[in-house]
Amino acid sequence: MAKAIFTIKTGSGYKDRRELYYHFPRIYLNQVEAAKGDAIIYYEPRRSETGVGLQAYFATARVVDIQRDPDESDHFYARVADYLDFDKPVSFNEEGKYYESALQKDDGSTNKGAFGRAVRLVSEVEFDLILRAGFSTELDFDVTPAVASGFEEPVVEFQRAMVEMTVSRPFRDQAFKTAVRYAYENRCAVTGLMLINGGGRPEVQAAHIQPVAASGPDAIRNGIALSGTFHWLFDRGLISVSDDYRILVADKVPEQARRMLNADGKILRPQSDAHLPSPHFLKFHRENVFKGV
């Protein structure tokens, strides 16, 4: 097994659903097979023609299976589990230091040939540093690529614990909450309210659209920020969301609660459209949880 970086572009034409599977051509089959059973990190480049794209690492997952694409003989799907968004995107370099050493030439410039490979194997040290940077809020631990210089042995020593931490339920719950709250700027998506307690902490909660108990991933696109009352209503199927982000309300919801909903009848959009709820997960909620018409 080996750690790997999977590059994913919005609108690339590949049939990715990053929380569930990664679509790739045969040229990368050997690298993906090497990563099977191990953890990977997703990276989104910036598209040169549009300037759109994070140009950063943004999530981790684990490759559990590889299947041939039944519609394209020279393409495959890498099935993933344990998907988890970082609490913040991690730039591929920090102050001129590259997380992936293979991306940097001896003269300090970017190795565009290496960058052009959509699947890249990385060392345990580099993988660990990216994870720590991506979850620095949960870890209360700041890290840059420079940390690796002269300290490779301790980083390797702690790597296994870091990977295992990202699949533990308490860690995942906290990371999911942090990422969803940030995406919605600590506001309830159905009321627009932002409530801060006496300790300065936001009261808004992070709700899974497709529940964890029903194999829903800990992904921002499977999350929505809700105040406590509306989280309760959502989990019990008394409110839901349509594909065009209208708030759906079951008959049993009292008028007092209805009057608190956003005046335009739609959920508050997250800061980035990339974090809008996925139609795949919204459909699951409407068909399996929602008790309305």
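Where a number appears in this text, it was derived from the coordinates with a stated rule and is not lab data. Quantities reported herein were computed from a predicted structural model and do not represent experimental measurements. Please note: Cβ atoms are built from the backbone with ideal geometry, for glycine as well, and neighbour counts cover all protein chains shown.
Would you list which lysines come within 25 Å of LYS36, measuring only between C-alpha atoms, while excluding same-chain residues fewer than 8 positions from it? Partners found: LYS3, LYS9, LYS15.
Shown is the FRET efficiency for MET1 and ILE196, computed with R0 = 41 Å from the Cβ-Cβ distance and rounded to the nearest 0.05: 0.40.
Considering only LYS15, LYS283, LYS105, the mean-square fluctuation computed in a Gaussian network model of the chain, springs between alpha carbons under 10 angstrom, is largest for LYS105. In the chain, helical runs assigned H by DSSP with n ≥ 4 each contribute -39500 (n - 2.57); averaged across all residues and rounded to the nearest 500, the mean residue ellipticity at 222 nm is -7500 deg cm²/dmol. Taking the longest Cα principal axis of the chain as reference, the axis of helix 152-165 is set at about 30 degrees. Within the listed set ILE130, ILE247, ILE220, the Gaussian network model of the chain (springs between alpha-carbon atoms below 10 Å) gives the highest mean-square fluctuation for ILE247.
Taking a ≥ b ≥ c as the square roots of the eigenvalues of the Cα gyration tensor, segment 178-288 is rounded, since a/c falls below 1.5.
Sort SER227, SER123, SER91, SER272 by Cβ crowding within 10 Å, fewest neighbours at the top. Present the calculation step by step, with values, prior to reporting the outcome.
Values: SER227 21, SER123 18, SER91 15, SER272 11.
Starting with the residue having the fewest Cβ neighbours, the order is SER272, SER91, SER123, SER227.
Of the residues MET162, MET1, MET194, the one with the fewest other Cβ atoms within 10 Å heads the list, and the complete ranking is MET1, MET194, MET162.
Pull up the DSSP beta bridges for the chain and report the antiparallel fraction as a percent, rounded to 5.
Details: 38 of 43 bridges.
Once the DSSP bridges in the chain are tallied, antiparallel ones form about 90 percent.
For the chain, the longest principal axis of the alpha carbon atoms and the long axis of helix 169-183 meet at an angle near 70°.
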